[in-house]
1. Among all residue pairs at least 6 apart or on different chains, which show Cβ distances below 8 Å where the first residue, located in the range 18-31, is more than 15 Å from residue 67 (Cα to Cα) and the second is open to solvent by 60 Å² or more (accessible area, probe 1.4 Å) and at pLDDT below 75?
2. How many of the residues making up the range 46-83 are surrounded by 14 or more Cβ atoms within 10 Å (Cβ to Cβ) and closer than 15 Å to residue 100 by Cα?
3. Between a residue in the range 97-116 that is surrounded by 13 or more Cβ atoms within 10 Å (Cβ to Cβ) and any residue that is outside any helix (DSSP H, G or I) and among the aliphatic types (A, V, I, L, M), which pairs come within a Cβ distance under 9 Å, given they are 6 or more apart or on different chains?
4. Kindly provide the set of residues from the range 25-45 that are open to solvent by 20 Å² or more (accessible area, probe 1.4 Å), assigned to a helix (DSSP H, G or I) and closer than 15 Å to residue 95 by Cβ, ordered by number.
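The values are calculated or read from the model by the stated rules, or taken from the named source; none is laboratory data. All figures in this text were calculated on a predicted structure; none of them were measured in a lab. Glycine also receives a Cβ, built like all others from the backbone with ideal geometry; neighbour counts cover every protein chain displayed. Keep in mind that these areas ignore ligands, DNA and RNA; they rest on the heavy atoms of the full protein, side chains included. Shrake-Rupley method; radii C 1.70, N 1.55, O 1.52, S 1.80 Å.
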Amino acid sequence: MTKSPACATRSGPVSVRPTPHDDQVGLLQAQLQRHLDWQRARLNFLAKALLALLAAGSVNLTKVARAFSGPAQLDSHYKRLQRFLRGFDCLGDGRLAHLLAGLSGVAPPWILSLDRSD
């Protein structure tokens, strides 16, 4: 029985090609970095979390964690989201809200609508 090329072993360093999702994370992180004076890891997480929010179509953390990119387990993504949001006041001064609205491409005036149903 012969192995398929995908199962064959390689000699030398393994090169991992970025996925299209990695490209999206990088692009969003670069946009966020232009406006937020945050550490690189925090900006990367925010970019991944925002993309997961869009993919999940919900703010339910379990659903967002399922849509989160990366090799970690669902529970790890969930706890990471909780830790990020625990002391985070994203609507405090409105900078992040204005930034995200501006990145959306929708021209002002904006109307914020919150729906707590699931």
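1. Final answer for the pair search is 26/18.
2. 8
3. 97/91; 97/112; 99/36; 101/112
4. Passing the criteria: 31, 33, 34, 35, 42.
Condition check ((1) under 16 Å from residue 35 (Cα atoms); (2) more than 17 Å from the chain's Cα centre (by Cα)) across all residues:
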position: 50; (1), (2): yes, no
position: 57; (1), (2): no, no
position: 66; (1), (2): no, no
position: 80; (1), (2): no, no
position: 88; (1), (2): no, no
position: 97; (1), (2): yes, no
position: 101; (1), (2): yes, no
position: 108; (1), (2): no, yes
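To keep it simple, each residue is scored yes or no on (1) in contact with a Pro (Cβ under 9 Å, 6 or more places away or on another chain); (2) free of Cβ contacts under 8 Å to residues at least 24 places away in the same chain; (3) farther than 17 Å from residue 23 by Cβ; (4) not basic (Lys, Arg).
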site	(1), (2), (3), (4)
37	no, yes, yes, yes
48	no, yes, no, no
56	no, yes, yes, yes
60	no, no, yes, yes
65	no, yes, yes, yes
80	no, no, yes, no
84	no, no, yes, yes
88	no, yes, yes, yes
